[in-house]
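Worksheet: the structure to be examined is printed underneath.
The values are calculated or read from the model by the stated rules, or taken from the named source; none is laboratory data. All values derive from a computational prediction rather than experimental measurement. Here Cβ is always computed from backbone atoms with ideal geometry, including for glycine, and neighbour counts include all displayed protein chains. Protein only, heavy atoms only, side chains kept; ligands, DNA and RNA dropped before computing areas. Shrake-Rupley method; radii C 1.70, N 1.55, O 1.52, S 1.80 Å.
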Amino acid sequence: MKSDSDIKRDVEYELHWDADIDATDIGVAVKNKVVTLAGIVHSYDQKLAAERDAKRVLGVLAVANDIEVKLPDLGRTDPEIARDAVAALKAQVPHFNDAIKVIVKDGCIDLDGETEWHYQRRRAEDAVRRIKGVKSVNNLILIHPKLSPQDIRSKIEDALKRNAELDASHIMIETNGNEVILKGKVHAWVEREEAERAAWMAPGVASVLNEITIKP
C-alpha cells in the first residue's frame, strides 16, 4: 500500500513528465491519500492538465486543485476574448453553436444555453478553454433529455460492459430522472473516472453523482 510520501513523489514525477505543463511553480501536498495542488501556471488548460495528471497516479483518492492561473501580460480585452470564443464555437461545434451564449468578464468565460447531449456541452467548453487570455470557464449549459430513466440506465449498463478497462460487475447504476448515480468499488482513480465518462456519454444524462470508492 502506498504511503502519502510515495504518492507525493509519484504525483511530482507525473507533473514533470508532462511536456504540456511547466511544473516549476506547482507544489504538491498529500494527506490521507488526498492530493492538494497549489502554485501558479500560465494557462487555464495547464491547470486542468495538472489535475488530470494527479488523478492518474495509483493510490490517489481525491484531488484539490488550488493552482492559480497567472497569465502573462497579453494585453487582451474581454471583447477580444469573446470574439475568439464565438469563432471557436462556430468552428468546432457548428451544429449547435447558435444555442450557446458567451459572456466574458475579467478573462473568465461563462457558457450558457441548452443541449441534449453531455458530449456537446463538454465539447463547447473544450473549444474555448485554450483561447489566449482565458483564466477560467464556467459551463452553465443545461442538458434537456428525451430518453426515459430506464433507457438511460440500460444504455449506460451496455457501455460499461463493453469497456475493457472496467469490471462492470462491481459497478451499480441508479437513475433519478435524468440524474445518474454510480456506486461500487474499483481499483484505481482512473477506473472511477472511466465509469463516470461512460455514464456521461449516454444521451439525456444531465448529471452524474459518482459514489464509486477506490479499494485501498
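Of note:
- The chain: most fluctuating residue of Ala195, Ala49, Ala91 per GNM, C-alpha cutoff 10 Å: Ala91
- Cα-Cα over 20 Å, subset of Lys55/Lys101; Lys55/Lys105; Lys90/Lys155; Lys101/Lys155; Lys55/Lys135; Lys33/Lys55: Lys55/Lys101; Lys55/Lys105; Lys90/Lys155; Lys101/Lys155; Lys55/Lys135
- Most tightly packed first, judged by the mean number of other beta-carbon atoms within 10 Å of their residues, the peptides 42-48, 21-27 read 42-48, 21-27.
- GNM top mover of Lys33, Lys55, Lys105 - the chain, alpha-carbon springs below 10 Å: Lys105
- Take every DSSP beta bridge whose two residues both sit in the range 37-129; close to 55 percent of them are antiparallel.
- Residue-averaged 222 nm ellipticity for the chain, from DSSP H runs of 4+ at -39500 (n - 2.57), nearest 500: -11500 deg cm²/dmol
- For the range 170-185, Karplus couplings with θ = phi - 60° (6.51, -1.76, 1.60), whole Hz, Gly/Pro x: 9, 10, 10, 10, 10, 10, 9, x, 9, 9, 10, 10, 9, 9, x, 9
- Residues of the range 88-216: accessible area per residue with a 1.4 Å probe, Å²: 56 Å²
- Amide hydrogen neighbours beyond the local backbone of Ile26, cut-off 5 Å, H modeled: Ile40
- Mean Cα-pair separation over length for the range 86-179, i.e. relative contact order, pairs under 8 Å, 6 or more apart, %: 24 percent
- For the chain: span of alpha carbons on each principal axis (Å, largest first): 53, 48, 23
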